[in-house]
Every structure is written in C-alpha cells, then in structure tokens.
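Peer 1: Below you'll find the structure I mean.
Just so it is clear, none of the values below were taken in a lab; they were calculated from the coordinates. All of these numbers come straight from a predicted model, not from anything done at the bench. Here the Cβ is made from the backbone with ideal geometry for all residues, glycine too, and neighbour counts use every protein chain on show.
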Amino acid sequence: MYNWDFAPIFANSDVLGMGLLNTLKLTGTALTFGVPLGLSLALLRLSRWRLLSMPAGLLVEFFRTTPPLVQLFWFFFALPILVQVEMTPFVAAAITFSIQSAAFFAEVFRAGIVSIERGQSEAALALGMSGQQAMRRVILPQAVKRMIPAFMERSIELMKTTTLVATVSYADLLFQANELAQKTFRPLEVFTVTALIYFTVIYAASLIVHRLERRLAVSGETTVH
Amino acid sequence: MWAYPEALLAGAAGTLRIFVICLVVGLALGLLVGLGRYSKLRLAYIPASIFVEFFRNTPVLVQILWFYFAMPMLMPFEISPLMAASLGISLNSAAFSGEIFRAGIQSLESGQWEGARALGMSQAQAMRRVILPQAIKRMLPALTNRAIEIFKMSTLASAVAYVELLQQGKLIASIHYNPIEAYTCIALLFFIFLYPLVQSTYFLERKLRQSD
Amino acid sequence: MTLDRRTALTGISASALAILLPNSVLAQSGGTLDQIKQRGSIRIGVTQAPPWFSKDPKSGEWNSGFGISMGKAMASSLGVKLETVEVTWGTAIAALQSNKIDIMYMLDATPERAQAVDFPQSPLLYYSLAVLARDDLPAAQWSDLDKVGVRIAVPQASSMDKFVSEFASKATIQRFPGNAEAIAAFQSGRADAVSLFHPPLLVARKALGTGKIVVPKPAKFQASSAALRKDDKPFRDFVDNTFATHYKSGQTQKWYEEFLVSYGLDPKASPAVMKEML
C-alpha cells in the first residue's frame, strides 16, 4: 500500500502558489502583447502591397508551423547571444509566447475580417468613409465580436502552452512542482496536486468562455466554428 | 551542425515513431470516445465526458511528467520515456479528436438515417456504411489539424529525455556550445517538414468545401 | 450542456478516489544484486555532464566519462552488461526509488537525500565547488557573489543548488534541469556565473573560450558519492568495496585523467580528484 503523504505539499503550498501566480502573469503578458501584434500582422497580411503582406505571412506561418518548445529554446538560448542583450527568463518567455500567440490570433483576426460580408464594406464606402475608416468603424468592431469565442479558446490554449517554460527555468507552476518533487521526494503527491490545480483553473476558464459563447450566440453575433 | 547527420537522423526517427504511435492511438481511442459522447446510454456518455473534460483541460506536459514520475510510485511496472510521452500526447489527442468525431457524426442530416433505414439497414449498419464514411469526409480538415498538432507535441517528449529531434538539438548544442546554429537548424527542419503538410491541408479543405 | 459538466466534475472526483485505493509497493524480488544478476545488466543513471558522463551524438551511446568507466568496471566485476538510463540530478533519486536505475554516481551525500536513499561509506572522489564567471566579475570569495544583482546558474536540486542557495542567497539564482542548460545560460549572458564542481567547469571553459574559473573562498572541498536504494546492505557493501579499491589503487584518478586527455585538457594543469594528491 503506497503511503500517501500530502503533508509536505500543504507545508509548501506557497511554493506552488507563487508558481500559479507566475503562470497567470506570463499568460496575461503574452495576451496583452499578442493580441495587438496579431491584429497588426493580420492587417499586414490583408494589405495590397506584397512588401508588407509577404513577410507578415511568412512570420505567421513560421510561428504556427514550428513546435512552441523549439521556439522557446531558440528565444531562450540563441537570441540573447545573437543580439547581445541580456534577458531574464520572464522576458524571454514573454517574447516567445507573445509572438507565438500573435501568429495564431492573426489568423483568427484575418478569418473574422474576411467573413464580414462585402456589402458592409461597400456600404461604408458608399457613405463616404475612406478604406481605413471603414475598417476601423464598421468592419473591425463586427469582426471582433464574432471572433471572441475563438480568442478565448486560443487564450486557454496559451495557458496550457505556458507549462513549457518549466523546462527553461522560468518559475511557473510546473517548474515549482518539479522543484517541490525533487526536494520532498514525493513526485506522486506533487504532480497529482499540480495536475488538479491546472485542471481547476483551466476548466473554470473554459466554463466562463462557454457561457459567453452562448450569450453571444443568442444575440446572433457569433460564427460557431 | 552538419557533422552529425546520424544524430539528426536518429532524432527524426524518434519524432516519427512517437508521432505515428500517438496518431494511431489518439484517433482510435478518439473514435471510441466520440461514439461514447454521441451515445444516449449514460453508461457510455458519462465516462466519455469525464475523459474529454479532464484531458482537454490539463496541459500535456503535466500529464507526461505525471506518467513518468508519479505513476511508477503507484504501479510496479516500468514506464519508459516513450511510454510516458505517448500516453500523455495520445490521451490528450483522443479527447480532442473525440469531440471532432462526435461533431462530425451529429452534423449529418437525419435524412441520411431515414434513407438508410428505408433501405432496410439496422442502426449499426447505417452507422457503418452511410453515416461514418460521410462524417469522415467532413471531419478530415479538423483531424489533419490534430495530426499536425500531434507532430508538434512530439517535442514535449524531450522533457523526459526521449530521443527526438529537439532532444538531439539540445545534445549538440551542449557539446559544441552553438545553440544558435543548433536550434535554428531544428526549427528549420520542423518547418521544412510541416509547411508542405499544412499547405496541403488548406488545399484539402478547399477541395472538400467545393465537393459539397 | 450544463448538466453534464456538473456530472463530469463529480465523476472526476469519484475516479480520483478509485485511484487512491490500495495499490503498489514496487514489487522487488530480492535485493539489488539479485535483480542485477537476474536481469543480466546494471543500470546506472546518466546525465549530460562531462567529465562524468557524456553522450556521443554520432552513435547515441553514452560511452565516455568517469562515470561510464566506473560503471563498466562494476558491470564486468559482476559479470553483467552496463545499461545507461538518462536522468537529471534532480530526478535521479526519484529514478532510484521507482526502480528505473540501480545506482547514481556523482550524487553527494546530504542529510536530506539520506532520508530517501543510502550512500556507501567510501568516497568516490574529491572535488571543489567552483564558478565559471565573467572575466570582470569579482568572485574570489563567496561573499563577492552573495550580492543582489549577481545572477548565478545552477542545476536544479544539485549540491551546487543547495550550497549557493544558502551561501549566496542575495544573488539571483537560476535553476536549470542540467549542467548543459546552466552553462548555456552563462554562455548566453543570462547568468553572470555558473556554479558547478571544478571538473565540469574545466570542460566548459575549454569549449567556451572565455570566462574565468574561480574556487571562491572559503573553498568548499568535499567528497562525492553515489546514491543507492535504501536498506540494501549486500549491494551497499559491494559498492563500498569497489569505490575503496579503485580509489586506493589510483584507478579513480586514472579514469579521470583519461577523460581529460581525450577532451584535450592537460591533467597536470587540473587539480586531482584524490585528496592525497593535492
């Protein structure tokens, strides 16, 4: 009979608590930078000038096609040598996930913008708006409302992806779990508790997302994909 | 970097091996899970739902580490890095593809069922001969996306020292202290391999949409 | 849809309880020596950490390093094959406990570890704790490093981790899974210094070409050992004897020097791993 002993976990709950906080901090930062960056990339891709659309397209495709862990190692160990800049683990991780999530958001934005009927943009132009004004005042607001469910799902994916930083010494929840498991020699209890913490947080987030989706569906504003 | 073709080849072989294992197990299990979620029997529906909710909402890396470090404390048999990583990735993929299968089956018009019934088929026969093949055609884009995700997730196995591409990149970088070359090379290898696949899935999607 | 989510939650807790029901005890038929003889191989833990263990990228074999030499000697004296299992310093003890490996060389005996594993009485070898630091970083004393703003990289849960956390607690300590990542952090400028024992730093310095190796004072000179599963006297005695024999005969020092030479380092320029030779 295995001797379950959760006491060391409870005694060190602050270690895990700090890890959870760092996970949330990283997710929040990546979202804050990723969303506007994603929007810019989407707009660049939709631009008529190949000089803008091609590099943006290449960047988006590259970051969507390569595994996130490879990207993380590159930003962590290769980039600092390349640009001769010192980076804390947090900064390196934040950059990686901002760009990575931006690439996915860019696709969501692009699909959303394209999905607004042509009629809308023509009507806007008929009203005398410039292309830019039409985009800003008519198309984007509608596109954003439609894409909210996809965004939220991407954000939840992001929270799961941030666990990768445990392999490069950023003290997120999984890293702290590793620390604790190695110090207390109780990997079973530590990893079980950690899995449950992740499940609780992410499940709660996805429940909120689904409630939001239903509200939006009722008001007819969403494209279910 | 180029002095080690054997190392990179060994890595690529490892990546492919775990990819195939997780793809097959993930899709097979996913089909079962999807059918369970579609079923009206509570005995099938509830466990399937629990499975889907749990494995969709926990990060794969946590699962891999749990299978490798935590589970052996409970069970007396050995878990190799390949087994632990395959378990984590396959179960996660099964949960996601289960939902894809379910949505695919549900999306078919009831007209198909009635037509099959009119021809004298039982429910099982109708499912096997009419519904499933059509549903598969509709689910192909989402499933190919899943397959690409599985391929990318293979890098997580490096966290338990399984020999795949990223692990080899780490090894070379640590021996020659050339992380820039090593990780750039690995990233490019993944990109070169996956980009054509991703493009062909876009192509596939477009063709399927046309044929409807 | 809300109903099945609630049932899902209750269902998950129920399954969790089911897992907690009686299980396990890792079935061990006989002590480690018996298992080794039955299996026909001795499994040693390895991690990329020259001069102790090193993997050859071409063949994928762990075939060089002091630990490998010692492992081969142990295997041949038992009449079995040598098997290598990759671990990290931090997970080696868990690997021992879950019967993935039989022995982990180069783990130092500490009171905390001794609660989970056993160590033989004879030392494996002796070495000093050192740092590989930026040329312009003052590091002659540990107190020089114990300052806010100094960033030190160490492998997670290693002796270096423990020592630096205690004696340079004001510094920013970055913990990585292994030696290689800690050195890479120093290389990429993310850390001002990386702390390992003297021998791995010699290897790193040679490849990196920059940085200075310092044994900060007061010098932390100690014996290294190997971790074994608890309460296994026959195996422990065997390991004890093996270590003592090779140490006294100078074979330990010889294996260490062999690796240095194969790496292009001059054994005469490096401190010995035998206390008596210093």
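Peer 1: Report the relative contact order of chain C, percent, no decimals, based on alpha-carbon pairs under 8 angstrom and at least 6 residues apart.
Peer 2: Reported as a whole number, the value is 23 percent.
Peer 1: Looking at the protein assembly as shown, send over the antiparallel percent of its DSSP beta bridges, to the nearest 5.
Peer 2: Once the DSSP bridges in the protein assembly as shown are tallied, antiparallel ones form about 55 percent.
Peer 1: Counting only other chains, and only Cβ atoms inside 10 Å, what mean value do you get across the residues of A:198-208? Walk me through the numbers before you get to the answer.
Peer 2: Values: counts 6, 10, 3, 1, 4, 9, 1, 1, 4, 4, 0.
Across the residues of A:198-208, the mean count of other-chain Cβ atoms within 10 Å is 4.
Peer 1: In addition: What does the net charge come to around residue A:55 if you take all other residues with beta carbon closer than 12 Å to its beta carbon, with K and R at +1 and D and E at -1?
Peer 2: On the way: positive: A:45, A:50; negative: A:61.
Combined, the nearby Lys, Arg, Asp and Glu give +1.
Peer 1: A further question on this structure: Taking amide H positions as placed in the peptide plane 1.01 Å from N, state which residues far from residue C:86 in sequence (5 or more) or on other chains have amide H under 5 Å from it.
Peer 2: It is C:46, by chain and number.
Peer 1: Based on the Cβ-Cβ distance from residue C:121 to residue C:278, what FRET efficiency comes out when R0 is 25 Å, to the nearest 0.05?
Peer 2: On the way: r = 21 Å, r/R0 = 0.85.
The formula returns an efficiency of 0.70 here.
Peer 1: What FRET efficiency comes out for residue B:77 versus residue A:7 if R0 is 35 angstrom and r is the Cβ-Cβ distance? Round to the nearest 0.05.
Peer 2: Numbers: r = 28 Å, r/R0 = 0.80.
So, using R0 = 35 Å, E works out to roughly 0.80.
Peer 1: A further question on this structure: Taking amide H positions as placed in the peptide plane 1.01 Å from N, state which residues far from residue C:168 in sequence (5 or more) or on other chains have amide H under 5 Å from it.
Peer 2: none
Peer 1: Whole angstrom only: what separates the Cα centroid of the stretch A:23-81 from the Cα centroid of the stretch A:131-166?
Peer 2: 14
Peer 1: Subtracting the Cα-Cα distance from 0.36 nm times the residue separation, let me have the gained length for residue C:261 to residue C:112 in nm, one decimal.
Peer 2: Working: separation 149, 0.36 × 149 = 53.64 nm, distance 3.57 nm.
Answer, rounded to one decimal: 50.1 nm.
Peer 1: Return the sequence-ordered ³J(HN,Hα) values of the stretch A:24-32 in whole Hz as given by the Karplus equation 6.51 cos²θ - 1.76 cosθ + 1.60 applied to θ = phi - 60°, using x for Gly and Pro.
Peer 2: Running phi through 6.51 cos²θ - 1.76 cosθ + 1.60 with θ = phi - 60° gives 5, 4, 5, 4, x, 4, 4, 5, 4 Hz.
Peer 1: If you don't mind, another one. Between residue C:205 and residue C:148, 0.36 nm times their residue separation minus their Cα-Cα distance comes to what? Display every interim value, and only then the final one.
Peer 2: Values: separation 57, 0.36 × 57 = 20.52 nm, distance 2.52 nm.
Extra length from residue C:205 to residue C:148 when fully extended: 18.0 nm.
Peer 1: What are the ³J(HN,Hα) values, in whole Hz, obtained from phi via the Karplus relation 6.51 cos²θ - 1.76 cosθ + 1.60 with θ = phi - 60°, for each residue of the stretch A:73-79 in sequence order, with x given for Gly and Pro?
Peer 2: Along the stretch A:73-79, the couplings run 4, 5, 5, 7, 10, 8, 4 Hz.
Peer 1: Still on this model: Just checking the output field for A:184-194: average partner chain Cβ neighbours within 10 Å of each residue's Cβ? Walk me through the numbers on the way to the answer.
Peer 2: Details: counts 3, 9, 5, 13, 10, 2, 4, 10, 7, 0, 6.
Counting other chains' Cβ atoms within 10 Å and averaging over A:184-194 gives 6.
Peer 1: Roughly how crowded by other chains is peptide C:186-192, in terms of the mean Cβ count from those chains within 10 Å of each of its Cβ atoms? Working shown, then result.
Peer 2: Values: counts 0, 7, 14, 6, 12, 2, 1.
Counting Cβ atoms of other protein chains within 10 Å of each residue's Cβ and averaging gives 6.
Peer 1: Taking every pair of Cα atoms in the protein assembly as shown, average 1/r, invert it to obtain the Kirkwood radius, and report Rg/Rh to two decimals. Kindly include the intermediate steps, with their values, before the conclusion.
Peer 2: Values: Rg = 28.0 Å, Rh = 27.8 Å.
Taking Rh as the inverse mean 1/r over Cα pairs, Rg/Rh reads 1.01.
Peer 1: 5 Å is the cut-off here: which amide hydrogens, built 1.01 Å from N in the peptide plane, fall below it relative to residue C:174, excluding neighbours closer than 5 in sequence?
Peer 2: C:152, C:153, C:154
Peer 1: Can you pull the one-decimal nm distance between simple spin-label points at residue C:136 and residue B:192, each 7 Å off the Cα toward Cβ?
Peer 2: 4.0
Peer 1: Could you work out [θ]222 nm for chain A from helices alone, using -39500 (n - 2.57) per DSSP H run of at least four and dividing by all its residues? Round to the nearest 500 deg cm²/dmol. Spell out each step's value before the answer.
Peer 2: Working: 11 runs with 172 residues, N = 225.
Result for chain A, helices only: -25000 deg cm²/dmol.
Peer 1: Apply the Karplus parameterisation 6.51 cos²θ - 1.76 cosθ + 1.60, with θ equal to phi minus 60°, to every residue of the stretch C:228-244 and state each ³J(HN,Hα) to the nearest whole Hz, in sequence, with x for glycine and proline.
Peer 2: For the stretch C:228-244, the Karplus-derived couplings read 10, 5, 5, 6, 10, 4, x, 5, 4, 5, 4, 5, 3, 4, 4, 4, 4 Hz, x marking Gly and Pro.
Peer 1: Quick check: pseudo-label points 7 Å beyond the Cα along Cα→Cβ at residue A:48 and residue C:270, how many nm apart are they?
Peer 2: 6.7
Peer 1: When you count, for each residue, the other Cβ atoms within 10 Å and take the mean per peptide, how do B:79-88, B:56-65 rank with the highest first?
Peer 2: On the way: B:79-88: 21.7, B:56-65: 24.4.
So the peptides B:79-88, B:56-65, ranked by packing, come out B:56-65, B:79-88.
Peer 1: Taking 60 Å as R0, compute the FRET efficiency from the Cβ-Cβ separation of residue A:82 and residue B:118 and round it to 0.05. Before the final figure, lay out the partial values.
Peer 2: On the way: r = 68 Å, r/R0 = 1.13.
That gives a FRET efficiency of 0.35.
Peer 1: Rank-order B:89-97, B:187-195 by packing density, defined as the average count of other C-beta atoms within 10 Å over each peptide's residues, highest first. Before the final figure, lay out the partial values.
Peer 2: Numbers: B:89-97: 24.6, B:187-195: 17.0.
Put in order of decreasing packing, that is B:89-97, B:187-195.
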